[in-house]
Amino acid sequence: MSTALDYRPDDPAFLADPFAQFRRMQDEDPCHWSPRLKAWVLTRYEDVRRVCPDKDMSSDRLRPYFATLPPPEAQRIADIMRYLSLWMVFRGMKAMPVRVQG
């Protein structure tokens, strides 16, 4: 029996190897509700692709969460928050050239 998923992007184990957690989430709970972030965490490309163009959706859930952290904790995870905040900045995917390398 596996343990319940607990997405904690500030956990040192997650920071050391985020891919293991994301793989598990893709397998077990690809559209994961995070009570900690008060947001959905999408882990599959097709789900993200479906949601990104929706004007009613926002990826900017990190800044409100980050603003609630005590300063020592915020400082400890500042780098990961900076990287995560950059992940969903592209909205005009049709304008981007597709490049396939083989």
Could you list which residues have their amide H under 5 Å from that of A39, counting only those 5 or more apart in sequence or on another chain, with H placed in the peptide plane?
S34
Quick one: Y7, Y83, fewest Cβ neighbours within 10 Å first, how do they rank?
Y83, Y7
Student exercise, the range 12-87 dipole from Lys, Arg, Asp, Glu Cβ charges, in Debye to nearest 20
180 debye
D for the range 12-87, whole µm²/s, Stokes-Einstein with Kirkwood Rh over alpha-carbon pairs at 37 °C and 0.692 mPa s: what number?
240 µm²/s
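Read-outs: derived from the displayed coordinates by stated rules, not from any lab. Remember, predicted model here, so these are calculated numbers, not experimental data. Heads up, the Cβs are rebuilt from the backbone with ideal geometry, glycines too, and the neighbour counts pull from every protein chain shown.
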